[in-house]
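Asks: Here it is: the structure, laid out below.
The values are calculated or read from the model by the stated rules, or taken from the named source; none is laboratory data. Remember, predicted model here, so these are calculated numbers, not experimental data. Cβ placement follows ideal geometry from the backbone for every residue including glycine, while neighbour counts extend to all protein chains displayed.
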Amino acid sequence: MAFDLNRSYFNDLRERPVLDGQSIAEEAQVLVYVDAGDGTLAVRPSDGTAGTDAAVGAAGFAITDALKLVTKSVVEELVVPAGGGVVSLRNTNLVTGSTRAFDVTAASALTLAASPPAATQYSVDLAAGTVEFNVAEAGNTVRVSYRYSPTLEELLATEHERSINNRAQDLFSQVSVGCMEGEIFTSMYDSSQAYAVGDAVYTGAGGLATTDATSTVQIGVVSQVPSVADGLLGIKFANLA
């Protein structure tokens, strides 16, 4: 699942119509309200744009959906080999724009660049799932965060088939929204951003939570930082109607 059902809780669940032409692609996507055009409110995934996300406000998190996970968030730590070079991640088919590399030893973020990377830079091959480092980072521990597209076989093995109760979007064009007050531990966050406990969390592109304040619509604060041991982002939220 895209969120930890055992640890997450919501003060309220509300069924909301999905805006015509929109689709809830993954569970736990951040949803915002929008004028349905017929005098009622509908919801759609946030797009991280100030004007549209802020027009009516944040609604909550999608609790049911028609599809399985499309992408997954992962945090890995690795040691840069002597002389720098290429290191393979556990997964391939990384999502464009989803990577972040933080040099734990030097306590500083690395900048994404084309191959070959210079000092304080890194390069990534999205399809192959490999990261390349400069010799300046040799021997350093680097934490790499990213999203990737799992195979159908992996999804069936780890997530299983969805229940008919999770298909309200298909049958009724509506979705259950976790709202009001609560806490969610979710994989639906922008893995290219930095997170620290207490940071403000905002609506992001593609229904992802983010610490990028571009959209200006705050949905909560960070209660758990994604780590190698637990790759989920904790968000403490309130006043989501």
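Asks: Take region 31-83 and flag every residue that is of a type in the set (Gly, Ala, Ser) and either under 24 Å from residue 194 (Cβ atoms) or within 19 Å of the chain's Cα centre (by Cα) (or both).
Replies: 46, 48, 50, 54, 58, 59, 60, 62, 66, 73
Asks: Could you check how many residues of region 1-34 are without any contact (Cβ under 8 Å) to a residue 12 or more places away in the chain and not small (Gly, Ala, Ser)?
Replies: Residues in region 1-34 being without any contact (Cβ under 8 Å) to a residue 12 or more places away in the chain and not small (Gly, Ala, Ser): 2 in total.
Asks: Can you tell me which of (1) at pLDDT 95 or above; (2) part of a loop (DSSP other than H, G, I, E, B); (3) closer than 13 Å to residue 95 by Cα is the one residue 124 doesn't meet?
Replies: (2)
Asks: Considering only region 11-95, give the strands (runs of 3 or more DSSP E) lying wholly within it that have at least 1 residues that are farther than 22 Å from residue 180 by Cα, at pLDDT 95 or above and in contact with a Phe, Trp or Tyr (Cβ under 9 Å, 6 or more places away or on another chain).
Replies: Correct list: 72-79, 85-88.
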